[in-house]
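Trainee: So that we are looking at the same thing, I have put the structure below in structure tokens.
Where a number appears in this text, it was derived from the coordinates with a stated rule and is not lab data. No experiment lies behind these values; they were computed from the predicted model shown. Cβ sites come from the backbone with ideal geometry, for glycine too, and all protein chains shown count toward neighbours.
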Amino acid sequence: MNNDLSWGFFGSGGFGARCLALLSAWRPPSWIVTSPQRPAGRGKRLTPTAVDAFAGSELQGVPLVRSGNASADADVLALREKIRVDFCFVIDFGQLITEPILGFEESVGCLNIHPSLLPEYRGGAPIQRALMDCRPKTGVTVFKLAAGMDSGPILLRREITVNARDNAETLMERAAIAGASSFIEHISSRLEESWAFEAQDESAATYAPKIRPEEEMIRWERSSSEICGLVRALAPKPGAWTTARDKRLRVLSAFPLTPDAESRDAPGTLYGVIEGGVAVGTGEGSIILREVQPEGKKIQRALDWWNGLRAAGGERLS
């Protein structure tokens, strides 16, 4: 058993905070480094990162440093020197890690839990891109950080089946659980010096860049499966969107219409209530809107939105 292993943690975002929570159930970290608090919301109030908030609530007493440039921050380097650890996790940090923190020449160095089956979907939006691509399966990889983006040698991988109702939030949660539990299970019966890392196949590498704002708009000429993949990839935030009567409408849940009930109307055409939702034509097939958020209003059932709209069949979204 490796119950005596010590580790440090670098992370900022929600996925990082969830992994930190799961890993801390195995053994709390010796220290934490996160990004500084930033202004957020209408009032521009200073807001801690998700990792900072979790640590303040659940890991009180664990030393924490807030840094905007951790690899060159004297406080971070001093903390690392003062409280030695066997390895570090760097997850959803949002900062480039370089030497001396990278520690690539060390036996373990810095590890990352990445929500894809590397070398597929390297980059900042692997879950979202897998959903946009309508992939039936994805996975999670624990690997050792190297100088290249998500290119370091792999410690372990676990496949995840994508469920029909998964969106970015639910699939990210499943990936965090799979990654943390796989790591804990993997090392429980292996001494640190016997951990085996395998080089990635560079010829199989694909990339998952962050979602651009222009990609969030629904293009109704695309197929029903592509549009539903986009909706799932962007739910619950920021949300795929379209325009209804010159106002933005966020679509948070949608499913392809059963083939025998599909419309042949023009893409974007609203044609009434079917299967408990609102049917819309696409470039190939149709979809059912289940949950939407009209501009300036709360999230609601698409059926309620439709009833309030009092639209006649044939009106179009754009």
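Trainee: Please work out the FRET efficiency for the pair residue 304 and residue 40, using the Cβ-Cβ distance as r and a Förster radius of 45 Å; give the result to the nearest 0.05. Intermediate values should be presented prior to the final figure.
Mentor: Working: r = 30 Å, r/R0 = 0.66.
It comes to 0.90.
Trainee: Please compute the net charge surrounding residue 276, taking Lys and Arg as +1 and Asp and Glu as -1 over other residues with Cβ under 11 Å from its Cβ.
Mentor: Local charge sum for residue 276: +1.
Trainee: Report Rg(Cα)/(2.2 N^0.38 Å) for segment 101-151, keeping two decimals.
Mentor: For segment 101-151, the normalised Cα radius of gyration comes out at 1.26.
Trainee: Can you give the net charge of the other residues whose Cβ lies under 10 Å from the Cβ of residue 205, counting K and R as +1 and D and E as -1?
Mentor: With Lys, Arg at +1 and Asp, Glu at -1, the neighbours total -3.
Trainee: Let's test the formula: R0 of 35 Å, r as the Cβ-Cβ distance of residue 72 and residue 219. What FRET efficiency results, to the nearest 0.05?
Mentor: 0.25
Trainee: Turning to a different aspect of this structure: Over all distinct alpha-carbon pairs, what is the Kirkwood Rh of segment 213-309 in angstrom?
Mentor: Kirkwood hydrodynamic radius for segment 213-309: 13.0 Å.
Trainee: Give me Rg over Rh for segment 180-227, both radii from the alpha carbons and Rh done the Kirkwood way, two decimal places.
Mentor: Rg/Rh for segment 180-227 comes to 1.27.
Trainee: If you take the square roots of the eigenvalues of the alpha-carbon gyration tensor of segment 141-247 and sort them as a ≥ b ≥ c, do you get rounded (a/c under 1.5), prolate (a/b over b/c) or oblate?
Mentor: prolate
Trainee: Once you list every other residue whose beta carbon is under 12 Å from the beta carbon of residue 139, what net charge do they have if Lys and Arg are +1 and Asp and Glu are -1?
Mentor: +3
Trainee: Per DSSP helix of 4 or more residues, -39500 (n - 2.57); summed, then divided by the residues of the chain. What does that give at 222 nm, rounded to the nearest 500? Could the numbers behind the result be given before it?
Mentor: Working: 7 runs with 78 residues, N = 318.
Calculated from helices alone, the mean residue ellipticity at 222 nm is -7500 deg cm²/dmol.
Trainee: In terms of the Cα gyration tensor, with a ≥ b ≥ c the square roots of its eigenvalues, is the chain rounded because a/c is under 1.5, prolate because a/b exceeds b/c, or oblate? Provide the component values of the computation, followed by the final result.
Mentor: On the way: a/c = 2.70, a/b = 1.95, b/c = 1.38.
Judged from the Cα gyration tensor, the chain comes out prolate (a/c at least 1.5, a/b above b/c).
Trainee: Once you order the gyration tensor axes a ≥ b ≥ c over the Cα atoms, which shape class does segment 19-87 get: rounded for a/c under 1.5, otherwise prolate or oblate by comparing a/b with b/c? If you can, show how the numbers build up before the last one.
Mentor: Working: a/c = 2.68, a/b = 1.32, b/c = 2.03.
Cα axes put segment 19-87 in the oblate bin.
Trainee: Output the Cα-based Rg and Dmax of segment 95-201 in Å, rounding Rg to one decimal and Dmax to a whole number.
Mentor: Both quantities, over Cα of segment 95-201: 14.1, 44 Å.
Trainee: Gaussian network model of the chain, Cα springs within a sub-10 Å range: biggest mean-square fluctuation belongs to which of 222, 158, 122?
Mentor: Fluctuation is largest for 222.
Trainee: Excluding the sites themselves, what is the longest stretch of the chain that contains no GluC sites (Glu not before Pro) in a DSSP loop with at most 14 other C-beta atoms within 10 Å?
Mentor: 107-220
Trainee: Also, quick follow-up: Determine the alpha carbon to alpha carbon distance for each of 237/297; 44/247; 237/298; 144/237; 44/237 and list only those over 24 Å.
Mentor: Working: 237/297 15 Å; 44/247 26 Å; 237/298 14 Å; 144/237 30 Å; 44/237 19 Å.
Those over the limit are 44/247; 144/237.
Trainee: When the chain is treated as a GNM, springs tying every alpha-carbon pair under 10 Å, which of 147, 70, 240 comes out with the largest mean-square fluctuation?
Mentor: 147
Trainee: Please report the spacing between the Cα centers of segment 23-88 and segment 263-318 in Å, no decimals.
Mentor: Each part reduced to its Cα centre gives a spacing of 44 Å.
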